[in-house]
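See structure below.
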Amino acid sequence: MTFLPREIFIDYELCLGCKSCEIACAVEHSETKELLSVLNDPLPPRKRIFVCSAFSKNIPLNCSHCEDAPCLRACPTGALYKEGDLILHARAICLGCGACETACPFGVITRYPNSKVIAKCDRCPDRNTPACVEACPTGAIKFDHRNILEGVRQKAARSLVTGI
C-alpha cells in the first residue's frame, strides 16, 4: 500500500475572513484544548494560521512546509527538522534565536510574546484533520491527498486568472 501525503489547500475565493481557523488553531495548540480555559494557560494560546486581507480578498496563510525550506536551513541547532513532507519543531533544542522566523518567506513562524518559543503549523498531528480545516464554515481550507487536491488547485488557478 502506497502512502499518499495529505496537505492543506486554501481556496481564497471561499474565505469569509471570519478567523474561525485562527481561533481553532490557537485552542488546539493550547494546554487545555478548551476554548474557555485557554485564558488560564501559562503561555497564551498561539495561532499558526493567519487571515490577512489583500486585494479585497481574505487570505489565510499557514506554513507551506516548503520542499526547500529556508527556515530549516536557517536553524542553527536543527530544532526545525524535516519528517516526511512536514517541517517540524523540536522545542527542547530550540535556542529561540528567531533565525527561522526571519527566514520564513511567508511570515508564518512566530514567537510567543515575552518568550523564545516559536509557533508554526504542524498540521495537528494528534488529529485526523487539522483544527483549522474543521473550523472553516465555508470549506475554504481543505485537507486531502495531493493527487485529489491537484484538480482543486487547477480549478482555483483558472478561476483566478480568468475571473470565472
### Summary
Counting as exposed only GluC sites (Glu not before Pro) in DSSP loop states with no more than 11 other Cβ atoms inside 10 Å, the longest exposed-site-free span of the chain is 68-164
### Query
Ignoring the sites themselves, what is the longest stretch of the chain with no trypsin sites (Lys or Arg not before Pro) in a DSSP loop and at most 14 other beta-carbon atoms within 10 Å?
34-115
### Message
Just to confirm a number: summing +1 for Lys and Arg and -1 for Asp and Glu over residues other than A135 whose beta-carbon lies under 10 angstrom from that of A135, what do you get?
### Response
-2
### Message
Please enumerate, by chain and number, the lysines with C-alpha under 27 Å from the C-alpha of K82, excluding those fewer than 8 residues away in the same chain.
### Response
K33, K47, K116, K120, K142
### Task
Just name one of L35, H89, C75: the one whose Cα is farthest towards the positive end of the charge dipole of the chain (beta-carbon charges, Lys/Arg +1, Asp/Glu -1).
C75
### Task
Find the eigenvalues of the gyration tensor of the Cα atoms of the stretch 65-113, then list the square roots of 5 times those eigenvalues as equivalent ellipsoid semi-axes, largest first, in whole angstrom.
15, 13, 9
### Message
Nearest 10 degrees is fine. How inclined is helix 146-162 to the longest principal axis of the chain, computing both from alpha carbons?
### Response
60 degrees
### Task
With springs only between Cα atoms under 10 Å apart, run a GNM on the chain and tell me which of D126, D11, D85 wobbles the most.
D126
### Message
Suppose every Lys and Arg Cβ carries +1 and every Asp and Glu Cβ carries -1, with no other charges. What dipole size does the stretch 65-113 come out with about its Cα centre, to the nearest 20 debye?
### Response
220 debye
### Summary
Listed residues C100, C25, C52; largest mean-square fluctuation, Gaussian network over the chain with Cα springs below 10 Å, found at C52
### Query
Within a Cβ distance under 13 Å of T77, other residues only, what is the Lys/Arg minus Asp/Glu net charge?
+3
#### Entry: For the stretch 118-134, Karplus couplings with θ = phi - 60° (6.51, -1.76, 1.60), whole Hz, Gly/Pro x
8, 10, 8, 4, 10, 6, 6, x, 8, 10, 6, 10, x, 4, 4, 5, 5
#### Entry: Highest-MSF residue in the chain out of C71, C97, C132 [GNM, Cα springs under 10 Å]
C97
### Query
Using the Karplus equation 6.51 cos²θ - 1.76 cosθ + 1.60 (θ = phi - 60°), what ³J(HN,Hα) coupling, rounded to whole Hz, does each residue of the stretch 7-15 give in order, writing x for Gly and Pro?
9, 8, 10, 10, 9, 4, 5, 9, 6
### Task
Note down the magnitude of the dipole of the chain about its Cα centre, charges +1 on Lys and Arg C-beta and -1 on Asp and Glu C-beta and zero elsewhere, to the nearest 20 debye.
260 debye
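Read the figures in this text as sums done on the coordinates, not as results from a lab. The structure displayed is predicted, hence computed values, not measured ones. Note: ideal-geometry Cβ built from the backbone for every residue, glycine included; neighbour counts use all protein chains shown.
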